[in-house]
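Reading through the structure tokens given below for one structure.
None of the figures in this text is laboratory data; all of them are computed from the coordinates on show. Nothing here was measured: the structure is a model prediction, and the numbers come from that model. Heads up, the Cβs are rebuilt from the backbone with ideal geometry, glycines too, and the neighbour counts pull from every protein chain shown.
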Amino acid sequence: MNRNLTEDRPTFVTHLECSLTGERYEADQLHGLSRAGRPLLVHYDLEALGRAVSRDTIAARETDLWRWRELLPVRRTDSIVSLGEIETPLIPIPRSGGGQVLVKDEGRLPTGSFKARGLVMAVAMARELGVTRIAMPTNGNAGAALAAYAARCGIETVILCPEETPEVNVREIAAQGARVWRVNGQIDECGAIVGRGAAEGRWFDFSTLKEPYRIEGKKTMGLELAAQLGWELPDAIFYPTGGGTGLIGMWKAFDEMERLGWIGSKRPRMYAVQASGCAPIVRAYEAGEEHAERWEDAATVAAGIRVPKAVGDFLILRAVRESGGAALAVGDPAILKAVEDCAKKDGLLLCPEGGATLAAYNQAVRDNLVDEDERVVLFNCATGLKYPMPEAGQWLDKNEAIDLGAL
Ligand SMILES: *Cc1c(COP(=O)(O)O)cnc(C)c1O
């Protein structure tokens, strides 16, 4: 077992708070949304934490997600079910992006997407708090990560996918032991069914941001970035935004690290990237609204960001605005072109959502939102191998004469 998981370490969780009203909730109890129907955020005793561990101590540990243990909510090491949550690399893409562009390649995590970060944490906490049945609506990757971690510790899962979910994801979920159903609707409509079962006490609701611990897992993206870049955050981050867990989580990580004195006050401009076929956050951002209305008839090749309505909308918008960033929409043709460019010119196969961040970056450079010398991080959230690729159907007949020069 990984050395970071062999010893018990204290957690510094003090309580949870409603992200809208600030109402306080006890730690060590099972919680969904707050009474105001909004996400709960985990709070830590950062003073005690800072006395107990320094950034240098953490930097000296094995580089995986669990090196951040003191900043995470799990109390008992034996609650953790790990599939090897490695630190993901930062890959330069000088030809398709530019000299200062790095891709944080999250496709290398267990189950091939960054949903593993959130779900490894949420499952550990569910286990710690005695949950035995979980249900979730998913566009694919979250369900796959939930299925994998839950299977590993014997928690039963019921997973509902919108009809447009990529086939590979539905099969992957089933292969990992979940009971999976396709539903003739969008992800929020699947979520409504999950909510009905939860209200009847049939299962615990694991919808995005409806339990408090996925954000804490996703927060590790922000912690890792700081450590990887010498405790100096980049100038801008482009994040493909569906439910926004990662963007909200990173923003929380930056705040916690600053209060610990591990980083300064410099923040990256946060760019929330959506597909123009489903861009509720972009519409709300442009209209100056605090909340985002549901996007009707959502459609895009980037399934991971096909989220018509996000419960954490106001948290995404707040982080984007406070950071001086923006919410940007890109069309499917630009997304597919970016995936092709990055693979052909830089040898890195992005998922469509990752392609969206590259397309948005290039657009932002053209629109003078971002300067080419600025250090930028794009998130590739899943391995490109999970997605359909353009056909490559050329055949050679081994029994015929072969013109080797023409190959
Ligand atoms: C879930 C997902 C996203 C969106 O992540 P959020 O943090 O929920 O906004 C983006 N890309 C991929 C591949 C995903 O699976």
Do we find that ILE281 is at negative phi and within 13 Å of the ligand (Cβ to nearest atom) in this structure?
yes
Quick one: which of GLU290, GLU296, GLU286 is outside any loop (DSSP other than H, G, I, E, B) and surrounded by fewer than 23 Cβ atoms within 10 Å (Cβ to Cβ)?
GLU286
If we keep only residues of the range 262-278 that are touching a strand residue (DSSP E or B) at 6+ places or on another chain (Cβ under 8 Å) and of a type in the set (Ser, Thr, Tyr), then the residue nearest to the ligand (Cβ to nearest atom) is TYR271
Of all strands (runs of 3 or more DSSP E) completely enclosed by the range 50-141, which ones contain at least 2 residues that are closer than 28 Å to ASP28 by Cα and either away from the ligand (no atom under 15 Å from the Cβ) or touching a helix residue (DSSP H, G or I) at 6+ places or on another chain (Cβ under 9 Å) (or both)?
133-137
Give all pairs with beta carbons closer than 8 Å in which a residue from the range 226-245 that is within 30 Å of VAL301 (Cα to Cα) meets a residue that is assigned to a strand (DSSP E or B) and polar (S, T, N, Q); count only pairs at least 6 apart in sequence or on separate chains.
PRO240/GLN274; THR241/GLN274
Just a yes or no: is a residue in the range 389-400 among the hydrophobic types (A, V, I, L, M, F, W, C), within 16 Å of the ligand (Cβ to nearest atom) and surrounded by fewer than 17 Cβ atoms within 10 Å (Cβ to Cβ)?
yes
Which condition from (1) in contact with a Gly (Cβ under 8 Å, 6 or more places away or on another chain); (2) buried (at least 24 other Cβ atoms within 10 Å of the Cβ) is the one that VAL170 breaks?
(2)
Looking across the range 192-214 at residues that are of a type in the set (Lys, Arg) and over 22 Å from the mean Cα position of the chain (by Cα), the single one that is nearest to GLU26 (Cα to Cα) is ARG202
Looking at ALA310, is it touching a helix residue (DSSP H, G or I) at 6+ places or on another chain (Cβ under 9 Å), under 22 Å from ASP332 (Cβ atoms) and assigned to a helix (DSSP H, G or I)?
no
Which count do you get for residues in the range 1-23 that are without any contact (Cβ under 8 Å) to a residue 60 or more places away in the chain and surrounded by 13 or more Cβ atoms within 10 Å (Cβ to Cβ)?
6
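Yes/no per residue for (1) within 13 Å of the ligand (Cβ to nearest atom); (2) among the small types (Gly, Ala, Ser); (3) within 22 Å of PRO89 (Cα to Cα):
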{"position": "SER323", "(1), (2), (3)": "no, yes, no"}
{"position": "ALA356", "(1), (2), (3)": "yes, yes, yes"}
{"position": "PHE379", "(1), (2), (3)": "yes, no, yes"}
{"position": "TYR387", "(1), (2), (3)": "yes, no, yes"}
Per the filter on the range 111-149, residues aliphatic (A, V, I, L, M), without any contact (Cβ under 8 Å) to a residue 40 or more places away in the chain and over 21 Å from PRO352 (Cα atoms) are ALA147
Answer yes or no as to whether THR383 is of a type in the set (Ser, Thr, Tyr) and in contact with a Pro (Cβ under 9 Å, 6 or more places away or on another chain).
no
Looking at the range 144-261, what strands (runs of 3 or more DSSP E) fall wholly within it and have at least 3 residues that are among the aromatic types (Phe, Trp, Tyr) and within 13 Å of the ligand (Cβ to nearest atom)?
none
Listed residues LEU396, LEU358, LEU369; which is in a loop (DSSP other than H, G, I, E, B) and in contact with a strand residue (DSSP E or B) (Cβ under 7 Å, 6 or more places away or on another chain)?
LEU369
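Per-residue answers, yes or no, for (1) hydrophobic (A, V, I, L, M, F, W, C); (2) surrounded by 15 or more Cβ atoms within 10 Å (Cβ to Cβ); (3) at positive phi; (4) touching a residue at least 12 places away in the same chain (Cβ under 8 Å):
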residue: LYS345; (1), (2), (3), (4): no, no, no, yes
residue: LEU348; (1), (2), (3), (4): yes, yes, no, yes
residue: TYR361; (1), (2), (3), (4): no, yes, no, yes
residue: ASP373; (1), (2), (3), (4): no, no, no, yes
residue: CYS381; (1), (2), (3), (4): yes, yes, no, yes
residue: ILE402; (1), (2), (3), (4): yes, no, no, no
In the range 300-310, is there at least one residue being among the basic types (Lys, Arg) and within 12 Å of the ligand (Cβ to nearest atom)?
yes
Counting just the residues of the range 329-354 that are part of a helix (DSSP H, G or I) and more than 20 Å from SER276 (Cβ to Cβ), which one comes out nearest to the ligand (Cβ to nearest atom)?
ALA343
